[in-house]
Amino acid sequence: MRYVFLSVLLLMPLPVWAQNELSPAAVIHDKGLLVRDIILEGFQLENRNQFIKLFKPYRNKYMKKEDMDMVLQKIKDIYEKEGYQQLVSISYQVIKHRLVFTVLMTS
């Protein structure tokens, strides 16, 4: 009898919110999203140390959209200082506690 009950529980479908590990309620807090790592993808400058210094204070911190936009602006400033103003497109997304900035060359 117990085995039948346990097998029924195992085969019973879970509600959608219980299946999603990254549900907004579990990830988003009042402080923002927990960002464990920051990654720069796509077209990168040779001197990566400036990005390492930029990203270091934000790792393992809670960040709001405004914070992410501020880091995005700082990345744009670095590219502009290197002579790539209006030549790159930069976007970001959060994937499993990683903030991923993607830099693409525009024509």
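The values are calculated or read from the model by the stated rules, or taken from the named source; none is laboratory data. Not measured: the values here are computed from a predicted model. Ideal geometry is used to build each Cβ from the backbone, glycine not excepted, and the neighbour counts take in all protein chains shown. The area values use the complete protein model at the heavy-atom level, side chains included, leaving out ligands, DNA and RNA. Shrake-Rupley method; radii C 1.70, N 1.55, O 1.52, S 1.80 Å.
Would you mind putting 99-105, 79-85 in packing order, based on average other-beta-carbon counts within 10 Å, highest first?
Listed from highest to lowest mean packing, they are 99-105, 79-85.
Got a number for the accessible area of L87? Probe 1.4 Å, square angstrom, nearest 10.
Its heavy atoms expose roughly 70 Å² to the probe.
Quick one: if you stick a label point 7 Å off each Cα along the C-beta vector at L45 and M70, how many nm between them?
Taking the simple label geometry, L45 and M70 are separated by 2.0 nm.
Among H97, G42, M68, flag the residue with its Cα farthest along the positive direction of the charge dipole of region 24-107, charges on Cβ as +1 for Lys/Arg and -1 for Asp/Glu.
Toward the positive end, the furthest listed residue is H97.
How far, in nm, would the chain grow between K56 and I78 when pulled straight, counting 0.36 nm per residue and subtracting the alpha carbon separation?
This chain segment gains 6.3 nm when fully extended.
Rank these by accessible area, largest first, 1.4 Å probe: R59, R48, R98.
So the residues, ranked largest to smallest area, are R48, R98, R59.
At a 10 angstrom cut-off on C-beta neighbours, averaged per residue, how do the peptides 30-37, 71-78 rank from highest to lowest?
Those peptides, ordered most packed to least, come out 71-78, 30-37.
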